[in-house]
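What follows is a set of notes on a single structure, which appears directly below.
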Amino acid sequence: MRIGVYPGTFDPLTLGHMDIIRRAARLVDRLVIGVATNPSKSPMFTLAERQAQVRREVEGIAGVEVVEFDELLMTFAERLGATVIVRGLRGAGDFEYEFQMTGMNRALNDDIEQVFLMADVALQPIASKLVKEIAVYGGDIRKFVTQRVAADVVARVAELGRRV
């Protein structure tokens, strides 16, 4: 069985993420969406909320499951028996970061392949950080996330009084 891992913070889950998830699910028998704690970021949603949000949005996509993780990506992938790490790319900036991460990950375990999928051209500009910023300033984010995620983000912005 070919197991792939698509890791990320998913804060919030965007249409770009969903595009990569749908396409990656066709490449492996089992795709594990790894929702990361990522201590270097200040997420809008808690880990449990992000995991629930992703789980809700991928419901119905065959072979996909959602798991939280708080460890090195390669340790997580090894524990799952994964043979592939899936990463989405939007542009050159993503490539530079991913190139460096791939080198580090290969040094940790060169048996797990890194596979890069380019986001759909129409979805390439979408970034979770920008979605949150647009929402904080009252912009319409429905072009960038699903209806349910948009409702989650708008509710959180209202709850926090625009302090995201």
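The values are calculated or read from the model by the stated rules, or taken from the named source; none is laboratory data. Keep in mind the model is a prediction, meaning the values are calculated, not measured. Using ideal geometry, Cβ is built from the backbone for each residue, glycine included, and neighbour counts are taken over all protein chains shown.
Taking the range 124-164 as the range and being of a type in the set (A, V, I, L, M) and loosely packed, with under 12 Cβ neighbours inside 10 Å as the test, the residues that pass are 155, 158, 160.
The requirement of being of a type outside the set (Phe, Trp, Tyr), in contact (Cβ under 8 Å) with a residue 24 or more places away in the chain, in contact with a Gly (Cβ under 8 Å, 6 or more places away or on another chain) and closer than 23 Å to residue 44 by Cβ is not satisfied by residue 82. Whenever a residue of the range 49-73 is over 13 Å from residue 25 (Cβ atoms), its partners that are part of a strand (DSSP E or B) and not hydrophobic (A, V, I, L, M, F, W, C), lying with C-beta atoms within less than 7 angstrom and at least six residues away or across chains, give the pairs 51/68; 67/34; 69/34; 73/7. Whether any residue in the range 53-68 is in contact with a strand residue (DSSP E or B) (Cβ under 8 Å, 6 or more places away or on another chain) and more than 17 Å from residue 5 (Cα to Cα) is what I want to check. Scanning the range 53-68 turns up no residue that is in contact with a strand residue (DSSP E or B) (Cβ under 8 Å, 6 or more places away or on another chain) and more than 17 Å from residue 5 (Cα to Cα).
The single condition among (1) within 17 Å of residue 115 (Cβ to Cβ); (2) surrounded by 19 or more Cβ atoms within 10 Å (Cβ to Cβ) that residue 90 does not meet is (2).
Consider residue 82 carefully, then state whether it is of a type in the set (Gly, Ala, Ser), in contact with a strand residue (DSSP E or B) (Cβ under 9 Å, 6 or more places away or on another chain), in a loop (DSSP other than H, G, I, E, B) and farther than 14 Å from residue 10 by Cα. It would help to see each step written out before you state the result.
Numbers: of a type in the set (Gly, Ala, Ser): yes; in contact with a strand residue (DSSP E or B) (Cβ under 9 Å, 6 or more places away or on another chain): yes; in a loop (DSSP other than H, G, I, E, B): yes; farther than 14 Å from residue 10 by Cα: yes.
Yes, satisfied.
Residues of the range 85-124 that are of a type in the set (Lys, Arg) and part of a strand (DSSP E or B): 87 alone.
From 56, 50, which residue is closer than 15 Å to residue 17 by Cβ and under 13 Å from the mean Cα position of the chain (by Cα)?
Numbers: 56 fails: under 13 Å from the mean Cα position of the chain (by Cα).
Unique residue meeting the criteria: 50.
For the range 46-65, a residue qualifies if it is in contact with a helix residue (DSSP H, G or I) (Cβ under 9 Å, 6 or more places away or on another chain) and either modelled with pLDDT under 95 or among the polar types (S, T, N, Q) (or both), and exactly one does: 53.
When the residues of the range 97-123 are filtered to those that are surrounded by 11 or more Cβ atoms within 10 Å (Cβ to Cβ), β-branched (Val, Ile, Thr) and farther than 17 Å from residue 25 by Cβ, the one that is nearest to the chain's Cα centre (by Cα) is 102.
Could you please let me know if residue 140 is touching a helix residue (DSSP H, G or I) at 6+ places or on another chain (Cβ under 7 Å) and closer than 25 Å to residue 90 by Cα? For residue 140, the condition - touching a helix residue (DSSP H, G or I) at 6+ places or on another chain (Cβ under 7 Å) and closer than 25 Å to residue 90 by Cα - is not met.
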